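The values are calculated or read from the model by the stated rules, or taken from the named source; none is laboratory data. Every value quoted in this text rests on a predicted model; they were computed, and no experiment measured them. Cβ atoms come from the backbone with ideal geometry, glycine included; neighbour counts cover every protein chain shown.
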Amino acid sequence: MQTLKIGGRLKSAVCDGEVIVVAAPKEPVELTCGGVPMVETAANPRAMLAPGHAGELRIGKRYTTEDASLEVLCVKGGAGALAVGGVILVEKSAKKLPKTD
């Protein structure tokens, strides 16, 4: 488990995916990509994608927990799904802007 900091950059250990932390909970969490914990960008380990954690990490998209305590922005796409505590993060949808006349 690690304490995430806003603005921190993390890299997947199973694919090329990278994220920047936009919102972080106060308590330590284990953010995983492809079922393997994410690492600091300086580290370069390679691990195997865990069964049930395949997915598409799409550049420019935000991913969040259901309670919105954690939000990350994908800055480099990859093949693993993001998760916290085994629960897959959901892609945040764009908010509709009000009509202007």
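GLN2 meets each of the listed conditions (1) surrounded by fewer than 17 Cβ atoms within 10 Å (Cβ to Cβ); (2) at positive phi apart from (2).
Criterion applied to GLY52, GLY85, GLY7, GLY34 was being surrounded by fewer than 10 Cβ atoms within 10 Å (Cβ to Cβ) and at positive phi, and the one residue passing it is GLY7. Taken over region 77-95, the criterion of being within 12 Å of GLU56 (Cβ to Cβ) and at pLDDT below 90 is satisfied by GLY78, ALA79, GLY80. Of the strands (runs of 3 or more DSSP E) contained entirely in region 23-76, those carrying at least 2 residues that are modelled with pLDDT of 90 or more and of a type in the set (A, V, I, L, M, F, W, C) fall at 31-33, 71-76.
Taking the criterion of being free of Cβ contacts under 8 Å to residues at least 40 places away in the same chain and either in a strand (DSSP E or B) or out of contact with any strand residue (DSSP E or B) (no Cβ under 9 Å at 6 or more places or on another chain) (or both), the residues of region 77-92 that qualify are VAL87, ILE88, VAL90, GLU91.
With respect to the conditions (1) surrounded by 12 or more Cβ atoms within 10 Å (Cβ to Cβ); (2) more than 13 Å from the chain's Cα centre (by Cα); (3) among the polar types (S, T, N, Q), THR100 falls short on a single one, namely (1). Number of residues in region 1-27 that are in contact with a Leu (Cβ under 8 Å, 6 or more places away or on another chain) and of a type outside the set (Val, Ile, Thr) equals 10.
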